[in-house]
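Notes to accompany the following structure.
The values are calculated or read from the model by the stated rules, or taken from the named source; none is laboratory data. Remember, it's a predicted structure, so these values are computed and weren't measured experimentally. Positions of Cβ are backbone-derived with ideal geometry, glycine not excepted, and every protein chain shown enters the neighbour counts.
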Amino acid sequence: MIDDVAGGKTLDSFEPERITTALNDITLTRQPSLTDQVLFILLDRIKDGVYPPGEQLPPENELIEEFRISRATLRSAYAKMEERNLIQRRQGIGTFVSSQLNIANPLMEAIDFNDRISLQGFEPGFEQVSAKILVPTDEIADPLAMEPGEQALRVEKLWTADGQPIVYIINHLSLSIFEDRFSQEDLLRPGFTEPLFWFLRQKCNLPVDHLTSCITPAIVSECKLPDKFSIYDNNTSLLVIEDVGFTAAGRPVFHSVEHLLGPAKKFETIRRIL
């Protein structure tokens, strides 16, 4: 495997210093995936001005040869960057860096939990606990500016790290934001709304601009968690984060309650949407 031109490191040994710093000295148990290693290098080059905003990235064949990776690996890294609006792919022309960027600390952005868990060096897992259409309580409906009797999609889901549950989330989304784009069968399908920010932006044309968040420390015995979390002692600490996500115009689009345990709670600090 050849050396990375920017950092003098091969992809096999690539471990950006900013990851260790951002994770508050948490030691990675494994190397990030090859896709994530490519992602880190490209992010660093964009951040350092090697690939300025609006500039076309090198041809795929050039990067594939430089990194000695497969086309599928490069395109997987591109897909993650595109989800975060870092690049734009133009059919028949090439891939360009987005004109407006905000990647000062990409680890701290509101990104997919699978990515967050992978960046910690664990194998991520996802399970949809339940999904239903219902009339939410006032505590949910009011922040979402819902009319009395209006229905919402309620989805419970959890993520694991190396098989151990560490994240449990309850999302509510008003049915009005879907504008008859999807059937109820679609909405209830496991994983249909994941990753949530990508789903809202790409499938609903409702990019989330900012969150209002209430972060509360708690212990397991104070929370209603799925049975899988019974592996934790009742006094195990966790973070409970209540979010409401808004568009740039101030329209509320989702309400979320997140329960973060173990390594998950150690990197939920700055929550900003690309």
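Could you tell me which residue of segment 113-136 is surrounded by the fewest Cβ atoms within 10 Å (Cβ to Cβ), considering only residues that are polar (S, T, N, Q) and assigned to a helix (DSSP H, G or I)? This residue is ASN114. Of all residues in segment 230-255, those being among the small types (Gly, Ala, Ser) and within 16 Å of PRO217 (Cα to Cα) number 1.
Being polar (S, T, N, Q) and touching a helix residue (DSSP H, G or I) at 6+ places or on another chain (Cβ under 8 Å) is a description that applies to THR193.
Scanning segment 214-225 for residues that are over 15 Å from ILE170 (Cβ atoms), surrounded by 13 or more Cβ atoms within 10 Å (Cβ to Cβ) and under 22 Å from the mean Cα position of the chain (by Cα) yields a single hit, ILE215. When segment 46-86 is filtered for residues that are within 28 Å of PHE199 (Cβ to Cβ), at pLDDT below 90 and loosely packed, with under 14 Cβ neighbours inside 10 Å, the ones remaining, listed by number, are PRO53, GLY54.
Within segment 141-152, the set of residues being in contact (Cβ under 8 Å) with a residue 60 or more places away in the chain and either surrounded by fewer than 20 Cβ atoms within 10 Å (Cβ to Cβ) or touching a Leu at 6+ places or on another chain (Cβ under 6 Å) (or both) comprises PRO143, ALA145. Restricting VAL155, VAL208 to those that are at negative phi, part of a loop (DSSP other than H, G, I, E, B) and surrounded by 15 or more Cβ atoms within 10 Å (Cβ to Cβ) reduces the list to VAL208. Name the pairs whose Cβ atoms lie under 6 Å apart, with the first residue in segment 178-190 and farther than 12 Å from ILE133 by Cβ, the second of a type outside the set (A, V, I, L, M, F, W, C), and 6 or more positions between them or separate chains? Once the first residue is farther than 12 Å from ILE133 by Cβ and sits in segment 178-190, its partners that are of a type outside the set (A, V, I, L, M, F, W, C) give PRO190/GLN128.
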